[in-house]
Every structure is written in C-alpha cells, then in structure tokens.
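Chemist: Structure provided below as structure tokens; questions to follow.
Quick note: the coordinates plus some simple rules give every number you see, no bench work behind them. It should be emphasised that the depicted structure is a prediction, and the values quoted were computed from it without experimental measurement. Every residue, glycine among them, receives a Cβ derived from its backbone with ideal geometry; neighbour counts consider all protein chains shown.
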C-alpha cells in the first residue's frame with residue numbers, strides 16, 4: 001500500500017459582484033509538502049459564464065487564472081511571488097481577498113497520489 005500524504009486544496013472562484021457573494025467555481029489548487037507538489041487546474045465554462053456574469057471579460061479572467069498557474073509552477077514570468085517557496089506560494093494564492101477571483105478556505109485531506117487527487121477534485125468541483 002502506498003503512503004498516504006497530507007495535502008491541502010482550495011477552490012478558485014469567480015465572484016463577478018463581490019457584494020452579492022455569488023460565485024462560479026473555475027479551478028482548484030492543490031499543495032502537498034511531502035511531495036513538493038503545487039499545481040493549479042482551471043477551466044472557464046464560457047456558456048455558464050455568459051448566463052452567470054455576461055459582463056465579465058473572458059480574456060482578462062483567462063490571464064488572471066494563468067497567473068495563478070504561473071505562480072503555482074514557479075515560472076520565471078510569474079513575478080516575485082512565483083520565486084517564493086511552495087508553501088508561501090500556496091498561502092499567497094489562497095489568502096482571503098475581496099476581488100473578482102477568490103479562493104475557498106484551504107481544505108486538508110490524505111492521498112497517495114496528489115496529481116490524481118487534483119484531477120478528481122477538479123472534475124468534481126469545477127467541470
């Protein structure tokens with residue numbers, strides 16, 4: 001049996017009108033310290049978005065979500081936050097904010113395969 005590893009994840013949400021607190025799940029971030037794993041998956045369902053928030057600029061949303069991915073990967077073009085250690089990047093990405101793109105509070109769990117768990121969470125919570 002493979003070792004069960006502690007992980008944390010958060011759901012990335014689109015909150016077009018912050019004052020209304022309505023949101024659409026658009027991605028998931030998963031962090032596992034023991035595996036040095038930090039990855040973001042996202043998907044913009046444009047049909048659902050048109051019904052939910054037709055005034056949202058899809059290209060701007062896509063660029064913002066791409067920055068989450070760059071920071072997760074530690075990409076050179078991800079800015080100064082992308083150069084931090086994995087735990088700091090995860091904490092920065094999941095910090096509470098009052099903006100159009102927010103994350104849920106982090107949730108813990110155990111998994112023997114963080115990549116597989118991320119994919120499962122993404123399919124359950126976003127797609």
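Chemist: For the structure I just gave you, tell me whether residue 105 is closer than 15 Å to residue 8 by Cβ and not in a helix (DSSP H, G or I).
Modeler: yes
Chemist: Can you tell me which residue in the stretch 91-103 is surrounded by the most Cβ atoms within 10 Å (Cβ to Cβ), limited to those that are out of contact with any helix residue (DSSP H, G or I) (no Cβ under 9 Å at 6 or more places or on another chain) and within 30 Å of residue 54 (Cα to Cα)?
Modeler: Across the stretch 91-103, the extreme among qualifying residues is 94.
Chemist: Let me ask something else about it. Within the stretch 70-90, count every residue that is touching a strand residue (DSSP E or B) at 6+ places or on another chain (Cβ under 9 Å), more than 21 Å from residue 126 (Cα to Cα) and surrounded by 14 or more Cβ atoms within 10 Å (Cβ to Cβ).
Modeler: Total satisfying the criteria: 3.
Chemist: Show the residue pairs meeting these rules: Cβ distance below 7 Å; 6+ apart or different chains; first residue within the stretch 110-125 and in contact (Cβ under 8 Å) with a residue 40 or more places away in the chain; second residue surrounded by 13 or more Cβ atoms within 10 Å (Cβ to Cβ) and part of a helix (DSSP H, G or I).
Modeler: Close Cβ pairs satisfying both conditions: 111/117; 114/35.
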